[in-house]
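The values are calculated or read from the model by the stated rules, or taken from the named source; none is laboratory data. These figures come from a predicted structure and were not determined experimentally. Counting neighbours? That spans all protein chains shown, and the Cβs are built from the backbone with ideal geometry, glycine included. Heavy atoms of the whole protein, side chains included, go into the accessibility calculation; ligands, DNA and RNA do not. Shrake-Rupley method; radii C 1.70, N 1.55, O 1.52, S 1.80 Å.
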Amino acid sequence: MTATRTIYDEVYARSLEDRHGFWGAAAEDVSWDRRWDRVLDDSRPPFYRWFTGGALNTCYNAVDLHIDRGRGKQRALVYDSPVTNTIRTYTYAELRDEVAVIAGALRREGIGTGDRVIIYMPMVPEAVFAMLACARIGAIHSVVFGGFASNELAKRIDDAKPKLVLSASCGIEVNRVIPYKPLLDGAIDLAVHKPDRCVVLQRPMDKATLVKGRDLDWGDFVAGAAPAECVSVAATDPLYILYTSGTTGQPKGVVRDHGGHAVALKWSMENIYGVGSGEVYWAASDIGWVVGHSYIVYAPLFKGCTTILYEGKPVGTPDPGAFWRVVSQHGVNVLFTAPTAFRAIKKEDPAGTYMKKYDLSGFRTLFLAGERCDPDTLLWAREKLGVPVIDHWWQTETGWPIGANCVGLGMLPVKPGSPTKPVPGYDIRVLGEDNEPMPPNQIGSIAIRLPLPPGCLPTLWNNDAGYEASYLTKHPGHYLTADAGFEDEDGYIFIMSRVDDIINVAGHRLSTGAMEEVLASHPDVAECAVVGVADEIKGEIPVGFVVTKAGVNRLDGEIVKELVDKVRDQIGPVASFRVATVVKRLPKTRSGKILRGTVKRIAEGTPYTPPATIDDPAILDEIADSLKHLGYPKSPSR
Ligand code: COA
Ligand code: AMP
């Protein structure tokens, strides 16, 4: 590997040596109502704040700014929905008009700066308008992914305490209509906090029943509302709360502030993704996830790009050429999705035949993130598409990439299996249990030396103590990513696994701890464990092991079905919890810790050595037997 100092090396070094100068310069690209007093406020470690004293409006920066600079007629948002056969385009001027009216309607409902609004909606333009409308009037949005069930929505309602919920009558999953309103009603029944108002977008495929006095039809909500102007908010005020899985059933409310977010995201478009104003950027994700927040909505709009809102899947809507149809039809320059989408495409179209049907000449780079990218998938995509395929690594908490091959700073050689190098602003350290740096190529806990760059979470919603306990305690002076991995001799990082109970299912972050809580609440279950097991398409899927209470004398199959239904009902279909088994005992250490890692290895057919502290090694044979009945380990096919 070359030892020449690259542009990336220089920019990276400057980002850490002169944080004030570096991010102060990046902030010049954002429109401020009031300039900041301090770029980095480090007066209250470990709580660092960016651009204190500054004031701005996020929606102005995402929408109105471009109109003021003469881009009003440019396409801002293209809604492409193969599941409803719809394509709708909004220019920046049209987007501003839609957003301003919803913002006015929110105002009329008494929503103001700092009030929370939950958005529980499918991938429709109104959901994006709603996010921007909240930002316009300084309200804090919290988008909840549509694949979550009532119970998960209720937890978020109780934590965020929204005055108002914006929802829709239904979502569409390929060709199934999924009614959302019963889930919303169920969540409000379960929640202690009751929102004053719910606004429901009635989609023609399923009309929801409205609750008198509480619910409003979307059309009535916006009718006659006066368009609202952008209000000025403090750079450190929250823009949104996005809940993400933690190690327990209680999700963590990641807070994002206005100023640092606008600066970091706008900077990332050119420097990481190599994308300029006027280009077409498509993040094939969902607005319910952080990728959707940052790279469907905010970053491409900050940059003045055209962003694509795609209500469909990589396969089945209608075929594995769906992505290539969208890329060619809308002139997509850069695509960002999860490796799982490519595994699904590769399975149905291994020869890449569908790609050849479309003109992909404008397509430049593919970015993958959300889960570990297996080298086979990366190499397949690169060979078939003939464009660079960039794996990059980040988390809900950071809101933008931690590790990437920063295309805009000059692409570095790709090492499949590695998301390349730390992104400027992130001081990554691979640490051992003793908090000392690990030598190259040795796995440790990946930490980021504080302060985190702008755009990352300043805290958890109403929970500074939880923020400190979850992220800042394990390695003093550092943020714990909860990912384990190593750095090689060239400074490339490799992300190998989580150090907690989080698993990654089809690029969706899920807590096995939350699933265990659901299984444990079944009246017949004495104890249980859920482990993530490698899956050909989804990367990982959860597999449950339960021990029934003494005296339970029912068919295992009946219990398993109830457990599968229970997880679907309490967490949601997104958990993809379909496989469970009743076992006599769970393997444990002598101190009672369940050996989940060993169970995972047995299920995946990877060699393992039972830990010396195991209580009874014979239990591992029983587990292997049960897994064999479930068809594990699977024969490798990728
Ligand atoms: N609303 C309601 N239900 C939803 C949903 C939503 N927004 N999103 C997913 N679901 C449901 C699915 O219909 C499915 O239900 P089922 O169990 O009844 O079949 C279940 O949740 C699991 O969904 P998913 O994990 O997406 O599996 P899938 O088999 O439907 O599709 C892929 C598999 C790989 C095609 C799909 O996961 C995909 O496109 N992934 C792209 C990755 C991505 O967007 N990642 C986000 C981070 S970048
Ligand atoms: P989320 O918060 O849903 O974005 O999930 C974040 C987690 O997904 C990270 O902590 C990693 O465990 C995993 N992840 C995301 N991107 C990558 C990647 N490129 N390589 C390996 N793991 C990744």
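What the Kirkwood sum gives for segment 259-368 is a hydrodynamic radius of 14.2 Å, with every pair of different alpha carbons counted. Along its first, second and third principal axes, ordered by size, segment 165-214 spans 34, 19, 14 Å in Cα coordinates. Looking at segment 506-629, send over the antiparallel percent of its DSSP beta bridges, to the nearest 5. Of the beta bridges lying entirely in segment 506-629, close to 75 percent run antiparallel.
What trypsin sites (Lys or Arg not before Pro) in segment 173-274 are in a loop by DSSP, with at most 13 other Cβ atoms within 10 Å of the Cβ? Don't skip to the answer; put the middle values down first.
On the way: sites: Arg176, Arg197, Lys207, Lys212, Arg214, Lys252, Arg256, Lys266; in loops: Lys207, Lys212, Arg214.
Sites meeting the loop and neighbour criteria: Lys212.
Considering all alpha-carbon pairs of segment 50-124, what whole percent are spaced by more than 19 angstrom? Percentage above 19 Å: 53.
Glu622 to Glu436: FRET efficiency via 1/(1 + (r/R0)^6), r the Cβ-Cβ distance, R0 41 Å, to the nearest 0.05?
Numbers: r = 40 Å, r/R0 = 0.98.
The value I calculate is 0.55.
How large is the Kirkwood hydrodynamic radius of the chain, counting all unique pairs of alpha carbons, in Å? Here the Kirkwood hydrodynamic radius works out to 25.3 Å. Our summary gives segment 246-337 a relative contact order of 30 percent, counting only alpha carbon pairs under 8 angstrom and 6 or more residues apart.
At 1.4 Å probe size, with the rest of the protein present, what percent of the exposed accessible area of the chain is carbon and sulfur atoms?
Details: 11930 of 23720 Å².
Ligands and nucleic acids excluded, carbon and sulfur reach 50 percent.
Per the Debye formula on identical point scatterers at the alpha carbon atoms of segment 505-638, with no solvent, log10 I(q)/I(0) at q = 0.19 Å⁻¹ is -1.14. Spin-label model, Arg214 to Leu190: label points 7 Å out along the Cα-to-beta-carbon direction sit 1.5 nm apart.
The residue list Ser150, Pro617, Pro204 was ranked by how far each Cα lies along the charge dipole of the chain toward its positive end, using unit charges on Cβ atoms, and Pro204 comes out on top. Under 5 Å from the amide H of Val423 lie the amide H atoms of Gly403, Ala404, each residue being 5 or more positions distant or on a separate chain, with H modelled from the backbone and absent for Pro and chain starts. For the chain, DSSP calls about 60 percent of its internal beta bridges antiparallel. The residue list Ala160, Gly485, Cys406 was ranked by how far each Cα lies along the charge dipole of the chain toward its positive end, using unit charges on Cβ atoms, and Ala160 comes out on top. Per the Debye formula on identical point scatterers at the alpha carbon atoms of segment 426-566, with no solvent, log10 I(q)/I(0) at q = 0.10, 0.14 Å⁻¹ is -0.49, -0.82.
Which log10 I(q)/I(0) values, to two decimals, does segment 297-360 give at q = 0.12, 0.25 Å⁻¹ under the Debye formula with one point per Cα? Treating every Cα as an identical point scatterer, log10 I(q)/I(0) equals -0.32, -1.15. Each Lys and Arg adds +1 at its Cβ and each Asp and Glu adds -1 at its Cβ; summed about the Cα centre, the chain shows a dipole of about 840 debye.
Each 5 Å bin, from zero up to the one with the longest distance, holds this percent of the alpha carbon pairs of segment 229-315: 3, 13, 20, 21, 19, 15, 6, 2, 1.
So the label point goes 7 Å from the Cα of Ser277 along Cα→C-beta, right? Which residues of segment 228-262 then have their backbone N under 11 Å from it? Nothing falls inside the zone, counting backbone N under 11 Å. Over all orientations, segment 1-140 has a Cα convex hull whose mean projected area works out to 13.5 square nanometres.
I need the semi-axes of the equivalent ellipsoid of segment 1-73: take the C-alpha gyration tensor, multiply each eigenvalue by 5, square-root it, list largest first in whole angstrom.
Details: eigenvalues 161, 94, 15 Å².
Values for segment 1-73, descending: 28, 22, 9 Å.
In the structure shown, the pairs Lys313/Lys584; Lys313/Lys561; Lys303/Lys347; Lys194/Lys561; Lys252/Lys347; Lys538/Lys584 are assessed against 31 Å; a Cα-Cα span above that value is assigned to Lys313/Lys584; Lys303/Lys347; Lys194/Lys561; Lys252/Lys347. Taking every C-alpha pair closer than 8 Å and separated by at least 6 residues, the mean separation divided by the residue count of the chain gives a relative contact order of 12 percent.
The residues of segment 23-80 expose, per residue, 43 Å² of accessible area to a 1.4 Å probe.
A compact globular protein would have a Cα radius of gyration near 2.2 N^0.38 Å; the ratio found for segment 102-222 is 0.96. Between Ala168 and Leu201, the built amide H atoms are under 5 Å apart, and every one of these is 5 or more places off in sequence or on another chain.
Phi-derived couplings, Karplus 6.51 cos²θ - 1.76 cosθ + 1.60 at θ = phi - 60°, listed residue by residue for segment 359-365: 7, 10, 5, x, 7, 10, 9 Hz, with x used for Gly and Pro.
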